[in-house]
Amino acid sequence: MNLLDPLSFQMGKLPLLISIPHAGTRLTPVVEAGLTEAARPLSDTDWHIPRLYDFAHNIGASMVVGNYSRLVVDLNRPEDDQPLYTTATTGLFPETLFDGRPCFVPGKTPSPQERQSYLLHIWRPYHQQIQLELMRLKAKFGYAFLLDAHSIASVIPRLFDGQLPDLNFGTNSGASCAPSLSSLLIACCERQSAFSHILNGRFKGGYITRAYGSPPSHQHAVQLELSQLNYMSETEPYSYLPERAVHLQQLLQQLVNTMLKWGEQQYQR
């Protein structure tokens, strides 16, 4: 199968890798031909997240971004497609949108062979890049941070009740990063009042957080799911709103600085 580059990667100079698995909008011909009208706008994309985190790459964080839409293959689901949540969710190869509407016209779902090729040529390279970069960072610094960056519409009744908090931190219920680090991140949020926040609420971290967070190995992973209304329009054409985003970016910068400072204090005494 002739697939274009499955990911974009920029190497940095800090012990931090930002993973952005769901910002991609590229489709394979088979997926594009089979999408329903409801799925064609790619509403479940994590729109503009690379732009929102530009500041982090500018200060030296590494960044890996998936180029293909999650409707082709979801990079934040396990290879065996075992469910990550007991509540409503989507799988490795989504059949429905977040709101429950079907992704594919009947009879036009990609074949098992097509999907196996997506796993081989899109999913695996992304995870290999994460693994290689975390190994490089640990070899250089002795420790590494992985920030798995996501966003989602603020109201999706099928997935959660009411309006989602603005910042949703997931640490696999405390297993993917040191409790002292997550406590500092929450304390950072508590020093401001513009944005609400929660730790291990509806979103506890997907496969990336769970697979690569290993505090005993000095490897700390945090998922951050942002409510989209704070930086973009939640309706088509899903426009970036700089006048909103700037305030959110200020808090994100404080969180990144908090993470990096914790690492310096913890490991470079």
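Okay, here's what the table says:
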read-out	value
Rounded FRET efficiency, nearest 0.05, which uses the C-beta distance separating GLU79 from THR235 and R0 of 25 Å	0.15
Distance in nm between pseudo-label sites at VAL105 and SER183 (7 Å out along the Cβ direction from Cα)	5.7
Dipole magnitude of the chain about its Cα centre (Cβ charges: Lys, Arg +1; Asp, Glu -1), debye to nearest 20	720
Accessible area of the chain belonging to carbon and sulfur atoms, whole % at 1.4 Å probe	52
Derived scalar couplings ³J(HN,Hα) [the range 24-39; Karplus, 6.51 cos²θ - 1.76 cosθ + 1.60; whole Hz; x for Gly, Pro]	x, 10, 5, 10, 7, x, 5, 5, 4, 5, x, 5, 6, 4, 5, 8
Exposure ranking of THR258, THR25, THR171 by accessible area [1.4 Å probe, largest first]	THR25, THR258, THR171
In Å², nearest 10: area of LYS204 left accessible to a 1.4 Å probe	70
Accessible area (Å², per residue) of the range 70-143, counting only protein heavy atoms and a probe of 1.4 Å	48
ASP161 accessible area, 1.4 Å probe, all protein chains in place, Å² to nearest 10	140
Residue order for SER69, SER214, SER193 - accessible surface, 1.4 angstrom probe, largest first	SER193, SER214, SER69
Helix-only CD estimate at 222 nm, as mean residue ellipticity for the chain, using -39500 (n - 2.57) per DSSP H run (n ≥ 4)	-9500 deg cm²/dmol
Charge-dipole axis of the range 1-91 as Lys and Arg at +1 and Asp and Glu at -1 on Cβ define it, positive-most pick from TYR68, MET11, LEU35	MET11
The range 1-143 shape via C-alpha gyration tensor axes, a/c threshold 1.5	prolate
Farthest toward positive dipole pole in the range 181-269 [+1 Lys/Arg, -1 Asp/Glu at C-beta], among LEU229, GLN192, ILE208	ILE208
Rounded FRET efficiency, nearest 0.05, which uses the C-beta distance separating ASP5 from GLN192 and R0 of 45 Å	0.75
Prolate/oblate/rounded label for the range 201-269 (Cα gyration tensor, a/c 1.5)	oblate
Accessible-area order (highest first, 1.4 angstrom probe) of the listed residues HIS57, HIS247, HIS127	HIS247, HIS57, HIS127
Global geometry of the range 81-231, whether rounded, prolate or oblate, following the gyration tensor of its Cα atoms and the 1.5 cut on a/c	oblate
Total lysine pairs whose alpha carbons fall under 27 Å of each other in the chain (8 or more apart, or interchain)	7
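The values are calculated or read from the model by the stated rules, or taken from the named source; none is laboratory data. Note that the structure is a prediction, hence the values are computed from the model and not measured. Methodologically, a virtual Cβ is constructed for each residue, glycine included, from the backbone with ideal geometry; neighbour enumeration extends over all protein chains shown. Note: areas computed on protein heavy atoms with side chains; ligands, DNA, RNA excluded. Shrake-Rupley method; radii C 1.70, N 1.55, O 1.52, S 1.80 Å.
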